[in-house]
Amino acid sequence: MYIHDHGAIITFVQPTAATAHNSVTLEAIIDDSLHPITMLSQVQAGIRTPNEITLTQVAGALPFRVTATIDLNSYNPTLDGPQLITVTATNSNHTKTTGTKQFTVDNSGPDIVIDTPVAGAFVGGVVTISATITDLSGVNESTVVAVFGGDLSHSVTLTRPDPTQNVYSGVFDLRSLGRNYVLPELSVRADDTLGNHGELGDRKSTRLNSSHIT
């Protein structure tokens with residue numbers, strides 16, 4: 001009786017997240033019911049080359065399972081943007097199968113656009129600051145803050161009133177700056193969920209109306 005050898009079925013357990021920074025965990029199940037994979041030497045993995053990832057066998061796992069922690073900073077040139085992890089298994093019958101897992105290396109902080117106050121506008125008293133903030137890996141909402149004059153003591157947390165929108169806003173009393181601030185720089189800062197930092201500043205966006213300064 002003839003049985004066709006399809007080779008191993010490769011199933012990725014990790015990574016599960018769409019993006020990664022600094023490192024990523026690889027875990028894969030290598031299942032071959034006809035010619036079971038039994039040795040680590042039968043499996044290779046890589047991103048830029050077929051076998052630059054050092055794999056470890058998960059002891060006692062059936063079917064065969066491998067894992068690895070991939071140091072994304074070890075690559076030269078630096079990995080950035082969409083990537084493919086390729087796992088190749090060769091069974092004892094020399095049948096080779098390949099599986100791939102896509103993820104994105106995210107090395108950039110959030111994209112920030114200050115919506116209000118607009119550049120060049122005179123502002124005074126209690127002012128509303130709003131910014132549109134987006135990030136591939138998601139914004140860490142606890143880090144979103146507007147800062148005046150580069151001084152964190154003159155800052156306000158920005159929150160997202162509508163969870164379906166990417167607009168963050170807050171209010172700040174410019175009179176608390178005193179008369180020493182005539183053209184204070186307004187910056188908006190935020191981190192993404194991977195720890196990448198983003199910041200946007202504009203000195204022209206906060207020309208104070210002197211009638212509102214105490």
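The values are calculated or read from the model by the stated rules, or taken from the named source; none is laboratory data. Just so you know, these numbers come straight off a predicted model, no measurement behind them. For neighbour counting, all protein chains shown are included, and Cβ atoms are generated from backbone atoms with ideal geometry for every residue, glycine included. Heads up: the accessible areas ignore ligands, DNA and RNA and are worked out on the full protein's heavy atoms, side chains in. Shrake-Rupley method; radii C 1.70, N 1.55, O 1.52, S 1.80 Å.
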Exercise. Which numbered condition trips up residue 122, out of (1) modelled with pLDDT under 95; (2) open to solvent by less than 20 Å² (accessible area, probe 1.4 Å); (3) touching a Lys or Arg at 6+ places or on another chain (Cβ under 7 Å)?
Worked result: (2)
Exercise. Could you list, in sequence order, the residues of the range 15-31 that are without any contact (Cβ under 8 Å) to a residue 40 or more places away in the chain and assigned to a strand (DSSP E or B)?
Worked result: 29, 31
Exercise. Only one of (1) surrounded by 15 or more Cβ atoms within 10 Å (Cβ to Cβ); (2) more than 18 Å from the chain's Cα centre (by Cα) fails for residue 93. Which number is that?
Worked result: (1)
Problem set entry | Meets criteria (assigned to a loop (DSSP other than H, G, I, E, B), over 27 Å from residue 139 (Cα atoms), open to solvent by 60 Å² or more (accessible area, probe 1.4 Å) and in contact (Cβ under 8 Å) with a residue 24 or more places away in the chain) for residue 35 | no
Problem set entry | Per-region count, the range 14-31, residues in contact with a helix residue (DSSP H, G or I) (Cβ under 9 Å, 6 or more places away or on another chain) and at negative phi | 5
For this session: Give the residue, chosen from 31, 111, that is under 18 Å from the mean Cα position of the chain (by Cα), of a type outside the set (Lys, Arg) and modelled with pLDDT of 95 or more.
Result: 111
Exercise. Exposed (fewer than 13 other Cβ atoms within 10 Å of the Cβ), at pLDDT 95 or above and in a strand (DSSP E or B), is that true of residue 142?
Worked result: yes
Exercise. Scanning for something within 22 Å of the chain's Cα centre (by Cα), open to solvent by less than 20 Å² (accessible area, probe 1.4 Å), among the small types (Gly, Ala, Ser) and closer than 21 Å to residue 137 by Cβ, does the range 38-48 turn up at least one residue?
Worked result: no
